[in-house]
Amino acid sequence: MIPKDVLDKILRIDITTNRLVTDVFAGAYHSVFKGRGMEFDEVREYQPGDDIRSIDWNVTARTGSAHVKKYVEERELTVMILVDASASVHFASRGQMKNKLAAEIAAVLAFAAIRNNDKVGLLMFTDAPELYIPPKKGKTHVLRVIREILFFKPRAKATHLPKVLEYLTKVLRRRSTVFIISDFLDPNDDFGPMQKSLRIANQHHDLIAITLTDPRESELPDCNLVELLDAETGSKMVVDTSSQRLREDYHSQAVSRIKNRSRLFDTIGIDHIDISTDVPYKKALVSFFAQRRHRLAK
């Protein structure tokens, strides 16, 4: 039985995100995420104005009158949500914790998907896949997905996306829309292995990267001696934040990391959204849907 406090948190996310989906995202989602194409529906008699290329010559020969093949859009999609459960996402210097933010964003995407009768699946990961929930339809299933994101207890602390994406391509044979919600902070990755794995996965699926950031990851406050802890490796370092040079170097490294990450996504052709813990995520998602809709309309 699920504890009452857990149910209350899930209910709050359900109410908040459902309102956003109803007011903003349901129509936008439908317009930018299309089905796999057109599928055969039926054969009917030829009517003036029909494309002669759609004539079914076998049926025409058999019946003695012209018949055409009718196709309909195959609307149903599979949406897979990959959520980073490593130690670094259990952090926020202000606003929402990254893991709570991930749950809300995933809920918006999942509810928008089931409104369009699409399937939704979940993959929680650290330095390896830790929990896989196969894609299904329905609100009960989506609520389970939200619960797992909120209260999942990972075995590992580190992040290593290549192994996760390799697993994804094995279990998800059908082309799907894949959202990767992560801070993409992998201390052991120089973006080389990640670039290769992202490129391969993007050939099989439609990948969208949602990067969770926090202001403290790019700006250090001036507060004298501070002990910095790497949540994923456990390494500690004492730094003197009163040093302007140190604060500038810290900021410069963060800016460089952000630029390299964006360049990586752009090079592969992956849509990406940056969301900070201290800024409401609605604006970033709305902007993403608008830009993607504009691009598809060209």
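The set of residues from segment 244-285 being free of Cβ contacts under 8 Å to residues at least 40 places away in the same chain and of a type in the set (Gly, Ala, Ser) comprises Ser252, Ala254, Ser256, Ser262, Ala284.
Answer yes if at least one residue in segment 64-82 is at negative phi and without any contact (Cβ under 8 Å) to a residue 24 or more places away in the chain, and no otherwise. Yes, segment 64-82 contains at least one residue that is at negative phi and without any contact (Cβ under 8 Å) to a residue 24 or more places away in the chain.
The listed residues are Ala92, Ala87, and the only one of them that is of a type in the set (A, V, I, L, M) and either within 25 Å of Glu166 (Cα to Cα) or surrounded by 20 or more Cβ atoms within 10 Å (Cβ to Cβ) (or both) turns out to be Ala87.
Using the structure shown, decide if Ser54 is hydroxyl-bearing (Ser, Thr, Tyr) and buried (at least 19 other Cβ atoms within 10 Å of the Cβ). Answer is no for this residue. Yes or no: segment 112-134 includes at least one residue that is in contact with a strand residue (DSSP E or B) (Cβ under 9 Å, 6 or more places away or on another chain), closer than 19 Å to Val79 by Cβ, small (Gly, Ala, Ser) and modelled with pLDDT under 90. Yes, segment 112-134 contains a residue that is in contact with a strand residue (DSSP E or B) (Cβ under 9 Å, 6 or more places away or on another chain), closer than 19 Å to Val79 by Cβ, small (Gly, Ala, Ser) and modelled with pLDDT under 90. Is there a residue being touching an Asp or Glu at 6+ places or on another chain (Cβ under 7 Å), outside any helix (DSSP H, G or I) and farther than 24 Å from Arg199 by Cα anywhere in segment 242-259? Checked against the condition, which is being touching an Asp or Glu at 6+ places or on another chain (Cβ under 7 Å), outside any helix (DSSP H, G or I) and farther than 24 Å from Arg199 by Cα, segment 242-259 yields at least one hit.
Taking the condition modelled with pLDDT of 85 or more, charged (D, E, K, R) and either under 26 Å from Lys119 (Cβ atoms) or open to solvent by less than 60 Å² (accessible area, probe 1.4 Å) (or both), does Asp206 pass? For Asp206, the condition - modelled with pLDDT of 85 or more, charged (D, E, K, R) and either under 26 Å from Lys119 (Cβ atoms) or open to solvent by less than 60 Å² (accessible area, probe 1.4 Å) (or both) - is met. When Lys98, Lys69 are screened for being modelled with pLDDT under 90 and either surrounded by 13 or more Cβ atoms within 10 Å (Cβ to Cβ) or of a type in the set (S, T, N, Q) (or both), only Lys69 passes.
The values are calculated or read from the model by the stated rules, or taken from the named source; none is laboratory data. Predicted model only: the values in this text are computed from it and were never measured. Every residue, glycine among them, receives a Cβ derived from its backbone with ideal geometry; neighbour counts consider all protein chains shown. We work out accessible area using only protein heavy atoms, side chains counted, and drop any ligands, DNA or RNA first. Shrake-Rupley method; radii C 1.70, N 1.55, O 1.52, S 1.80 Å.
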